[in-house]
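Below: one structure, written as structure tokens.
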Amino acid sequence: MSVQDELKSVPPAKLFIDGVTKDFTTRSGTLRALDHVSFQINEGDFVCLVGPSGCGKSTLLNIIAGLELPDSGLTLMNGKPVTKPGRDRMVMFQEPALFPWLDVMGNVLFGLRLKPNLNKKECCEVAQFYLRLVGLEEFAHSNIHELSGGMKQRVALARSLAPNPRVLLMDEPFAALDALTREQLYGDIQRIWAERAKTIVFVTHNVREAACLGNRVILFSPHPGRVREEFQIDLPRPRDINSVELAKYASRITRALRGYVDAPDAELGAE
Amino acid sequence: MKRLFSSTLFFIVLILIWHFLVLAKVKSPVLLPDPVSVWEYLRTAILDGSLFDATLVTIRRLLSGYGIGILLGIPVGMLTARFRFMEDTVGVIALGLQTLPSVCWVPLALVWFGQTEGAMLFVVVMGSLWSIIISTDNGIRNVPPIFARAARTMGAKQFYTWTRVILPASAPFVVTGMKQGWAFAWRSLMAAEIFVTILTGFGLGQLLEYGRDLHSMDQVIGVMLAIVLIGLLVDKLLFSPIEHFLHRRWGTGRT
């Protein structure tokens with residue numbers, strides 16, 4: 001009964017980012033990573049944040065996660081300000097960050113054990129459900145170092161889905177994988193997004209990846225990190241990363257990106 | 001099987017060389033006893049229970065001192081890794097005292113505690129504590145920060161993160177430190193037992209020193225062999241299984 005409740009998709013959350021500014025102090029002075037960034041993400045939306053390195057997109061993701069606090073501005077989730085990490089917003093990092101002293105099952109269980117309303121047996125059932133969802137139920141008792149890079153990220157995905165968050169935050173999770181594995185995971189993540197109804201914020205510097213996954217693609221420019229432009233991707237799902245229509249979107253975004261990176265001063269002058 | 005055979009053969013040859021050196025009268029038989037007479041000593045010492053009793057006394061002292069070393073060393077190592085202030089104070093002391101050979105604690109222990117079990121315990125704790133602190137500290141500093149971040153996003157609080165993430169993540173280092181601490185404790189206890197003659201218990205070190213007093217080198221070498229064997233046994237029984245588990249889980253080393 002409790003397990004059935006636990007496995008039900010919770011309604012996804014709405015995010016509101018309002019005037020978020022973040023500075024970093026380095027030896028050579030203060031660096032503005034994010035400069036008055038504002039936008040909104042609707043419940044159940046799949047949004048990709050794209051930009052070159054240094055545009056603050058990962059910092060913004062950390063702020064939404066509650067791992068870092070902005071210097072000014074605020075993030076609201078369903079109207080409530082985000083001040084610390086929470087199980088309603090799970091993060092997938094670029095490295096799988098799996099715990100090597102636990103097996104696959106132990107890793108997926110880690111977050112579940114911290115949920116107060118589940119006993120041991122129920123935790124195991126829930127973990128098994130998510131391992132099945134990512135296609136790794138046969139590897140429940142494998143050691144982490146025995147898995148390939150793609151399998152590790154699948155375990156990380158199962159681990160972040162297991163506590164049943166309303167928002168899934170993904171920080172370039174596929175950047176270190178080979179192309180073939182990545183394409184497989186594009187399919188998986190679209191399927192899981194449709195099945196589990198999550199709000200997903202996906203950070204990447206790969207324009208094609210963003211066009212393949214996102215309903216919306218938000219373009220950032222660096223120094224300081226700002227929101228520049230937004231693209232709506234109106235393609236049917238599941239999308240194939242190699243399709244011609246997708247390539248058209250990708251090249252439009254790339255052109256826009258190039259404009260901001262090559263001539264940032266001209267753009268700033270126009271404002 | 002082949003490894004066992006070649007290893008056994010090696011030791012048989014070694015004992016034979018020893019035997020022939022005695023036959024060739026390189027040293028007086030009083031100074032260099034025959035392997036047979038060492039074996040004779042060990043046999044009688046085992047049969048009359050004196051070797052077993054001495055081992056028991058030594059192991060009891062070792063375990064209590066080493067236990068205190070671990071119980072103090074691991075938390076203190078966690079503190080020096082976590083707080084800058086602790087690193088600059090206790091951490092510096094640990095680093096300094098770790099370089100001090102443990103036998104150097106014996107004179108101080110004798111003056112402070114006299115010929116007592118307390119002196120023994122003090123030397124063993126001082127011998128093992130510092131290296132356990134330092135390797136725990138080192139282990140915790142080597143834990144990738146992303147582990148703690150991942151745990152925080154899953155709702156882990158400070159204490160939970162330390163006990164369930166940072167401590168297990170540093171386990172390979174901590175176990176190495178515990179092993180080193182054991183070796184140091186063992187060395188310092190032998191030094192202490194040789195120098196501190198007390199009546200509350202007759203340990204292996206004292207048995208060794210007694211052999212020297214009696215000028216019976218068969219006893220000295222016999223006890224030395226016993227000490228080596230106990231060291232090997234502890235390594236195989238206590239540390240090998242843990243290390244084997246860590247290697248298998250982490251995928252490090254030979255499997």
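The values are calculated or read from the model by the stated rules, or taken from the named source; none is laboratory data. Being a predicted model, the structure only gives us computed values, none of them experimental. Cβ: placed from backbone, ideal geometry, glycine included. Neighbour counts: every protein chain shown. The accessibility values were calculated without ligands, DNA or RNA, using every heavy atom of the protein model including side chains. Shrake-Rupley method; radii C 1.70, N 1.55, O 1.52, S 1.80 Å.
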Note to self: Looking at B:147, B:122, B:184, B:159 in this structure, which one is among the aromatic types (Phe, Trp, Tyr), part of a helix (DSSP H, G or I) and in contact with a Gly (Cβ under 6 Å, 6 or more places away or on another chain)?
What the structure shows: B:184
Checklist line | Residue within segment B:190-204 that is small (Gly, Ala, Ser), crowded, with 18+ Cβ neighbours inside 10 Å and within 13 Å of the chain's Cα centre (by Cα) present | finding: yes
Checklist line | Any chance residue A:141 is surrounded by fewer than 20 Cβ atoms within 10 Å (Cβ to Cβ), within 14 Å of chain B (Cβ to nearest Cβ) and part of a helix (DSSP H, G or I) | finding: no
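Report whether or not residue B:215 is out of contact with any helix residue (DSSP H, G or I) (no Cβ under 9 Å at 6 or more places or on another chain), within 14 Å of chain A (Cβ to nearest Cβ) and farther than 17 Å from residue B:190 by Cα.
Details: out of contact with any helix residue (DSSP H, G or I) (no Cβ under 9 Å at 6 or more places or on another chain): yes; within 14 Å of chain A (Cβ to nearest Cβ): no; farther than 17 Å from residue B:190 by Cα: yes.
No.
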Next item on the list: Pick out, from segment A:1-85, the strands (runs of 3 or more DSSP E) lying fully within it that include 2 or more residues that are in contact with a Pro (Cβ under 9 Å, 6 or more places away or on another chain).
Entry: A:15-26, A:29-41, A:72-77
Item checked: All positions within segment A:154-180 that are open to solvent by 30 Å² or more (accessible area, probe 1.4 Å), touching a residue at least 12 places away in the same chain (Cβ under 8 Å) and not basic (Lys, Arg) -> A:175, A:176, A:178
Checklist line | residue B:154 vs. criteria away from chain A (no Cβ under 12 Å) and aliphatic (A, V, I, L, M) | finding: no
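Only residues that are in a helix (DSSP H, G or I) and within 17 Å of residue B:220 (Cβ to Cβ): list them for segment B:16-42, please. Please lay out each step first, then the result.
Within segment B:16-42, the subset in a helix (DSSP H, G or I) is B:16-23, B:35-42.
Within segment B:16-42, B:18, B:21, B:22, B:35, B:36, B:37, B:38, B:39, B:40, B:41, B:42 meet the criteria.
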Check: When segment A:91-111 is examined, which residues are found to be at the interface with chain B (Cβ under 9 Å from one of its Cβ atoms) and without any contact (Cβ under 8 Å) to a residue 60 or more places away in the chain?
Finding: A:97, A:99, A:100, A:101, A:102, A:103, A:110, A:111
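Tell me which residues, restricted to segment B:157-188, are among the hydroxyl-bearing types (Ser, Thr, Tyr), within 14 Å of chain A (Cβ to nearest Cβ) and open to solvent by 30 Å² or more (accessible area, probe 1.4 Å).
Here is the first cut: in segment B:157-188, the residues among the hydroxyl-bearing types (Ser, Thr, Tyr) are B:160-161, B:163, B:170, B:176, B:188.
Going one step further and asking which of them are within 14 Å of chain A (Cβ to nearest Cβ), we end up with B:160-161, B:163, B:170.
Residues satisfying the conditions are B:160, B:163.
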